[in-house]
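Laboratory data are not the source of any read-out in this text; all were calculated from the coordinates shown. Keep in mind that this is a model prediction, so the values were computed, not measured. Ideal geometry is used to build each Cβ from the backbone, glycine not excepted, and the neighbour counts take in all protein chains shown.
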Amino acid sequence: MKNIPDFILKSIANEPDYSKSFSRKISALAQSIRELTHLGVTHCESMDYCPAQYLEIYLNGQIDHPSKTEYIFEIRFYISSKADLFFVYINDKKGRIKNAFGKSHPISIDLLPEKTQNLIFRIKYFLIESGYQEVLYEFYDREAVGYLTQMDGLPANIFEALFAEIV
């Protein structure tokens, strides 16, 4: 496909890894991120309609922002079992920040307060140093040509093919 990196195209064709060793690897990442950030990190192991697991961090009232408006961000780091790839999925739980489609998730990191961006960058760099490659936000809803969703057999986007059909 035009303008989609080869590493993404090749990974889409891989089979998911539903093994316990994959879960242990993601659990170890969660522990390392807890130590790095000193925040609560939840590891979601469910892989129903998901070729990935995710690590979730809630930021509630920990954001310094000039508007003094309280933000609640749910930040998920999806880790694909098809390849060493991750995607940062950000949800503004208060619905104040919208993506290009007028929805509060997933939103681009560029729309977040600086303190939140810095935290996400720290985690992203840790994942990259650990051997993972990021699938950028710009590829979220691009079509994964030739790949269908498990749930309903419809054409899948890149996020669905590599990370999750249900968020």
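General observations
- Shown in residue order for the range 150-167 are the 3J(HN,Hα) couplings computed by the Karplus curve 6.51 cos²θ - 1.76 cosθ + 1.60 at θ = phi - 60°: 5, 5, 10, x, 8, x, 9, 8, 4, 4, 5, 5, 9, 10, 6, 8, 10, 10 Hz (x for Gly and Pro).
- Projecting the Cα positions of Tyr58, Tyr18, Gly146 onto the charge dipole of the chain (unit charges on Cβ atoms of Lys, Arg, Asp and Glu, taken about the Cα centre) puts Tyr58 furthest along the positive direction.
- Non-local Lys pairs in the chain, i.e. 8 or more apart or on different chains, that have alpha carbons under 15 Å apart: 9
- On Cα atoms only, tilt of 114-129 relative to the major axis of the chain in degrees: 40
- The range 116-160 and the range 17-47: distance between their alpha carbon centers, rounded to Å: 17
- Taking the Cα centre of the chain as reference, the dipole from Cβ charges on Lys and Arg (+1) and Asp and Glu (-1) amounts to some 340 debye.
- Near the amide H of Tyr147, within less than 5 Å, lie the amide hydrogens of Ala156, all on another chain or at least 5 residues away, with H placed in the peptide plane.
- Cα-based helix-to-principal-axis angle, 20-37 vs the chain, degrees rounded to 10: 20
- The ranking of Ile4, Ile128, Ile79 from fewest to most other beta carbons within 10 Å of each one's beta carbon is Ile128, Ile4, Ile79.
- Over all pairs of different C-alpha atoms in the chain, the reciprocal of the mean inverse distance, the Kirkwood hydrodynamic radius, equals 16.4 Å.
- Close amide-amide hydrogen proximity is noted between Ala52 and Ser81, each under 5 Å apart and 5 or more residues distant or on a separate chain (H modeled in the peptide plane; Pro and chain starts excluded).
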